[in-house]
Amino acid sequence: MIKNKDGMRYPSIDRLLSKIDSKYKLVYAASKVAHILEAEKLKVDNSQCVKSVGIALEEILSGKVHIDFER
């Protein structure tokens, strides 16, 4: 599998915003998931991104992460 080294062009922001309706919420969610991935030393199979934030965004996009935001 080829790893993504293009930075934040993948996954697409437009596709991510279809999952979470705000850029600010998206950043918050990706940060939380990335911290969990790093703290628990979790490995994600078949990820295209190298860094934990990119992997977190991929997981959000794939629907593997569910986050409820308070209003």
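The values are calculated or read from the model by the stated rules, or taken from the named source; none is laboratory data. Everything numeric in this text was worked out from a predicted model, so none of it was measured. Positions of Cβ are generated from backbone atoms using ideal geometry, with glycine treated the same way; all protein chains shown enter the neighbour counts.
Quick notes
- Selection from region 52-71 of residues that are without any contact (Cβ under 8 Å) to a residue 40 or more places away in the chain, among the charged types (D, E, K, R) and surrounded by 15 or more Cβ atoms within 10 Å (Cβ to Cβ): GLU59
- For region 42-71, taking the residues that are part of a helix (DSSP H, G or I) and in contact with a strand residue (DSSP E or B) (Cβ under 8 Å, 6 or more places away or on another chain), the one that is nearest to LYS23 (Cα to Cα) is identified as LEU57.
- Selection from region 1-22 of residues that are under 12 Å from the mean Cα position of the chain (by Cα) and either over 14 Å from ASP68 (Cα atoms) or at pLDDT below 80 (or both): MET8, TYR10, PRO11, SER12, ILE13, ARG15, LEU16, LEU17
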